[in-house]
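What follows is a set of notes on a single structure, which appears directly below.
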Amino acid sequence: HILGLHIIVLSVIAIFNFMDQKTKEFYERLKENLENTTESWPLEYLYKFIVPTNEESVKLVYKAFDGLGAVIKTKHSSTGKFTSVSVNVVMPSSDLIIEKYKEVSSIEGIVSL
């Protein structure tokens, strides 16, 4: 039984390492794309997220952009189970755009588009 548990633990660690690598690569590509396509900073940037429809998830997205002058719009899905959140905000750099993605990634069930 211990060997089986050990294999399961190693498998879970391998999956997380793979996901971490894919996430790291995603952010590296995003930074490169932003740097190569942006003529000057600051830049007006549009974030799009989908969160489960509950008050807490939507509040956390609002909180992440609080004080930045963001214009935030929400729309419920046809079933009402999900809420799309669009955040239009002026960001000073590609690094800060990515930091916001990382910050909101801790919200349970959030999907960045």
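The values are calculated or read from the model by the stated rules, or taken from the named source; none is laboratory data. All values reported here derive from a predicted model rather than from experimental measurement. A quick note on method: Cβ atoms are made from the backbone with ideal geometry, for glycine too, and the neighbour counts reach across all protein chains shown. Just the protein is used for accessible areas: all its heavy atoms, side chains included, with ligands, DNA and RNA removed. Shrake-Rupley method; radii C 1.70, N 1.55, O 1.52, S 1.80 Å.
I'd like the full set of residues that are outside any helix (DSSP H, G or I) and aromatic (Phe, Trp, Tyr), limited to region 27-57. Don't jump to the end; show me each part of the working.
The first filter runs over region 27-57 and keeps only residues outside any helix (DSSP H, G or I), leaving 38-54.
Residues satisfying the conditions are TRP41, TYR45, TYR47, PHE49.
Please find, among VAL85, VAL58, the residue that is on the phi < 0 side of the Ramachandran plot, at pLDDT below 95, within 17 Å of the chain's Cα centre (by Cα) and of a type in the set (A, V, I, L, M, F, W, C).
None of the other options fit; the residue is VAL58.
Here are some conditions: (1) in a strand (DSSP E or B); (2) more than 24 Å from GLU32 (Cβ to Cβ); (3) open to solvent by less than 80 Å² (accessible area, probe 1.4 Å). LEU60 meets all but one. Which one does it not meet?
The one condition LEU60 does not meet is (1).
Which ones in region 68-113 are touching a residue at least 40 places away in the same chain (Cβ under 8 Å), farther than 18 Å from LEU34 by Cβ and assigned to a loop (DSSP other than H, G, I, E, B)?
Hits for region 68-113 are ILE107, GLU108, GLY109, ILE110.
Quickly run through region 40-57 and pick out the residues that are open to solvent by 90 Å² or more (accessible area, probe 1.4 Å) and under 18 Å from LEU113 (Cβ atoms).
Residues of region 40-57 open to solvent by 90 Å² or more (accessible area, probe 1.4 Å): 44, 48, 55-56.
Passing the criteria: GLU44, LYS48.
In region 94-113, which residues are surrounded by 17 or more Cβ atoms within 10 Å (Cβ to Cβ) and among the polar types (S, T, N, Q)?
SER94
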